[in-house]
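Read through the structure below, which is laid out as structure tokens, and then see the notes.
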Amino acid sequence: MTSSETLEVAFVSDGTSGATVWDTTNGTMLKTYRHTASIGQNCMSLLGNDYLIAADKGPLIQAWPINSQERTHQVRMLCGGKINSLAASPDGLYIAVAISEKLQVWMACSGRLLTTVSRHFQPITIIKWSSDGSYLVTGGEDGLVCVWSLAKLINTSQSSMPQTFISGDQIDQSAPTYIFSDHSVRITGVYIGNCTRCIRIFTTSVDKTCKIYDLSTGIMLLSIAFDIIPSSLTVDSIETAVYIGTTAGPIRSFDLTSPPRTRECYVSDKESGIKFVGHAKAVTALSVSLFGDMLVSGSTDCTIRTWHVASRQCLRTIQLKEPVINMFLTLIPRQLTANELEPSIILKSFKKTEELENDHFVEVYSYNDLFEEESDTFGHKEDTNIREELEKTKTINARIYEFAINSILKESEPNPKEDIDISSFSLVDLEFNGEKNGLDNDDDIIIDENSTTPRKKKRGRKRSKKNVNDTNISNIYIYS
């Protein structure tokens, strides 16, 4: 068992509803994503490692958590028309959507429509992102291949960019970086290389040609002509071999380590010795394993085949009920079999209109935003009524506690209104208490026989200052 057999899985969509995940080494189906309709060609993509997004040739993009069979209903990604193709950026921040001949770029974390551009004359059939997410390539029914710079596409403020003029004409900042018009009819496959030194773009078309371009210069490096229509395309990770699926079934392979001396070459059926024979109908999808030792293909003959590249032998065949529409290999997502999803990507519903105001406004999202109430996509919204009732209960409990403490303290304190036994006080005590309580020597202490509580009687004359050390006491009157 090789290393690639345990690292990668295949995401497949056929004519039936939804999508499936397969272990192509042993033919085991690992996961099913349910949907009511079939997914359109080139309309399925992974959003990071957290979601699977797809469209059924309608205006709505469906999203499944990677660990769930059911779609999420908390997010509604509605576009402005029928979707021909879609692809998510490798970092999961942007979603590129093709609606007829228009290209739209949406921000996944805010749901904003960043830009809408149109350079194709006929509907776009395929969208591909570069490995670093800085470029995206579109191919259409008109045979055009457009290379777009993401930095220019998402910059909606034209005034903030330096204006450049050539021959008196202003350069359109939203224009494609390159427009390749070497193909004459519909584009069937696009692949962007991963080499950082010289990024190459591979394209196939119904005109029976495969062309290779240099992304840095925009120059066509090689044009390969076949005697059969190519229907799909892929390249190994080190870009030494090109695999081309055909409408007849056999898979062609072209070695780039020994290219022809001329820029254009023709490869016929007899001259092409490297073939993978097994499919009876058109091959719609191709994907090479990470280590380049396995090739996986999907066809309209309702089969998925795993090939050994070195020997060109078919190792396993998976029989499906409907023709294969989309298929790609990827590393096993970390949370594919997790009970609860811990997303690292914020996903929000698409907004209806493109926001042009606040051009200099920057949105910054943190990891905590994944679990906020308004951005929670899993139904864990906080109930505000329960929180209000909880606060009311806390307030009532605090008041009851305060009332109980005050009542206990009042019962333990002596009552000042209680009668005092005068016989227990001496004259010296009365004098001392009088000074302590603010009584002057001129004040009279009146004691009623019916009550032993002494009462203070004020004289009408002005109080005089006396020595505090004077031991004379006031007159005491006793009423009978």
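Largest to smallest in accessible area, the residues THR177, THR203 fall in the order THR177, THR203 (1.4 Å probe, all protein chains included). With Cα atoms as the point set, the radius of gyration and Dmax of the stretch 235-333 evaluate to 13.8, 45 Å.
Considering the stretch 32-86 at the alpha-carbon level, its Rg and Dmax are found to be 10.4, 29 Å. Relative contact order, whole percent, for the stretch 77-147 stands at 25, derived from Cα pairs under 8 Å and 6 or more residues apart.
Amide hydrogen proximity for TYR178: with H placed 1.01 Å from N in the peptide plane, the residues at 5 or more positions away or on another chain lying under 5 Å are VAL147.
The values are calculated or read from the model by the stated rules, or taken from the named source; none is laboratory data. Values in this document were obtained by computation on a predicted structure and should not be read as measured data. Ligands, DNA and RNA are excluded from the accessible area calculation, which covers all protein heavy atoms including side chains. Shrake-Rupley method; radii C 1.70, N 1.55, O 1.52, S 1.80 Å.
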